[in-house]
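Structure record follows, encoded as structure tokens.
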Amino acid sequence: MDEMDFRLADGRTLHVYDSAPGDDARLAVFWHHGTPNLGAPPAPLAEAGEWLGIRWISFDRPGYGGSTAAPGRTMASVTADLTMVADSLGIGTFALMGYSGGGSYALGAAAILGDRVEAVTTFAAIAPYDAAGLDWYDGMIPSGLASLHAAAAGREAKVRHEASGVEYDPEFTATDLAMFEGPWGWLGSVAGDKSMPNGPDGLIDDDCSYVVPWGCDPTTITAPTLLFHGQTDGIIPSSHGTWLARNIRPAALRLLPGDGHVSVLAQAETGLEWIREQTG
């Protein structure tokens, strides 16, 4: 894995990962990480990525890992960072994969970049805050409600919430917890405080970005899109996946009975195989 720091025009640093530097014969897939995680490509998919001919590209979103914070960032502004990375590496077209809030960032990029995006797959993505006909908070666990209501009150309120010592309880289901005993236990190595060595800006700005306009319209996505969502997910309820599937014309939804926010990743290899099928 090649890791490098890109200096952006506004002076920020973006920490970037590339699993197959310079190998243009592979299909480039940009990985969008969850909240709060580092941006390293998913190790549990490394073997599948090899036999499918995948070149993983990713980066720590601003405020995470080695990337400078960018308060006020949105799906659209982070897509500008992605575009700079793709252009700098000489990558013309690519696919997108995202988990949890990273799924929303993947969808935002697909909406903006049009024909540059060959396919998109997401796991437990969040719908836009202003999604018409969606009760956005319905079904969320108490910790999630408290965290996102604080973000909706503005960045200063979210900063106070995180500084209050409040503990976030994800209320993982039994199927979620079982995932940590297998390959996806990898999430523990990229999550939480490990992802934010310089403070909680990554988490704060992620949550704030979920409760403001994206700066783009996911309903304009034209690339083939496959959405996975667990029906027992209380962190991002499956109603978000249903709304996205209804409003993104080329999207298909696979609702997974019995799966929660983490166990949905049991379908990640299937999602990667689907991307390869779409791109030839």
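The values are calculated or read from the model by the stated rules, or taken from the named source; none is laboratory data. The model shown is predicted, which means the values in this text are computed figures rather than measured ones. Here the Cβ positions follow ideal geometry from the backbone for every residue, glycine too, while neighbour counts run over all protein chains shown. Accessible surface is based on the protein model in full, side chains and every heavy atom, while ligands, DNA and RNA are left aside. Shrake-Rupley method; radii C 1.70, N 1.55, O 1.52, S 1.80 Å.
Run through the DSSP bridge list for the chain and note the antiparallel percent, rounded to the nearest 5.
Antiparallel bridges: around 30 percent, rounded to the nearest 5.
Skipping prolines and chain starts, which residues have an amide H placed within reach, meaning under 5 Å, of the one on Arg254, given they are 5 or more residues away or on another chain?
For Arg254, the qualifying residues are Leu227, Phe228, His229.
Quote to one decimal, in nm, the extra length available between Asp135 and Trp51 on full extension: 0.36 nm per residue of separation minus the C-alpha distance between them. Don't skip to the answer; put the middle values down first.
Details: separation 84, 0.36 × 84 = 30.24 nm, distance 4.13 nm.
Roughly 26.1 nm would be gained on extension.
Given the options Met84, Pro250, Ala266, identify the residue whose Cα lies farthest towards the positive end of the charge dipole of the chain (+1 on Cβ of Lys, Arg; -1 on Cβ of Asp, Glu).
Among Met84, Pro250, Ala266, the one farthest towards the positive end of the dipole of the chain is Pro250.
To the nearest 20 Debye, how big is the dipole of the range 2-279 about its Cα centre, given +1 on the beta carbon of each Lys and Arg and -1 on that of each Asp and Glu?
500
In Å and from the alpha-carbon atoms only, list the Rg and Dmax of the range 110-189.
Cα-based Rg and Dmax for the range 110-189 come out at 16.6, 45 Å.
May I ask for the net charge around Trp274, where only other residues with Cβ less than 15 Å from the Cβ of Trp274 are counted and Lys, Arg are +1 while Asp, Glu are -1?
-2
Whole Å is fine, so just give me how far the alpha carbon centre of the range 32-67 lies from that of the range 148-198.
18
Averaged over every viewing direction, what's the projected area of the C-alpha convex hull for the range 153-280? Give it in nm², one decimal, please.
The orientation-averaged projected area of the Cα hull of the range 153-280 comes to 9.6 nm².
Can you give me the accessible area per residue for the range 2-279, using a 1.4 Å probe, in Å²? The partial results should precede the final answer.
Numbers: 10770 Å² over 278 residues.
Using a 1.4 Å probe on heavy atoms only, each residue of the range 2-279 averages 39 Å².
Applying 1/(1 + (r/R0)^6) with R0 = 22 Å to the Cβ-Cβ distance of Ala178 and Ser143, what FRET efficiency is obtained, to the nearest 0.05? Walk me through the numbers on the way to the answer.
Details: r = 21 Å, r/R0 = 0.95.
Once rounded, the FRET efficiency stands at 0.55.
Under a crude label model (7 Å from the Cα following the beta-carbon direction), how far is Glu156 from Glu3 in nanometres?
Computed distance between label sites Glu156 and Glu3 equals 3.6 nm.
Hey, any idea what % of the range 2-279's accessible area is carbon plus sulfur with a 1.4 Å probe?
52
How much accessible area does Asp23 have with a 1.4 Å probe, in Å² rounded to the nearest 10?
Per-residue accessible area (Asp23): approximately 50 Å².
Using 7 Å Cα-to-Cβ label points, what is the Asp115/Ala43 separation (nm, one decimal)?
Modelled inter-label distance: 4.1 nm.
Would you please report the Å³ per residue occupied by the convex hull of the alpha carbon atoms in the range 2-279? Provide the component values of the computation, followed by the final result.
Working: hull volume 31.7 nm³, N = 278.
Convex hull of Cα atoms, per residue: 114 Å³.
Let me check I have the definition right: for the range 16-146, take the eigenvalues of the Cα gyration tensor, multiply each by 5, take square roots. What are those semi-axes in whole Å, largest first?
Gyration-tensor ellipsoid for the range 16-146: 26, 16, 15 Å.
Quick check: with the 1.4 Å probe, what order do Met4, Met75 take by accessible area, largest first?
Numbers: Met4 45, Met75 0 Å².
Ranked list, largest accessible area first: Met4, Met75.
Accessible surface of Tyr137 in the full protein assembly, 1.4 angstrom probe, to the nearest 10 Å²?
The accessible area of Tyr137 comes to roughly 40 Å².
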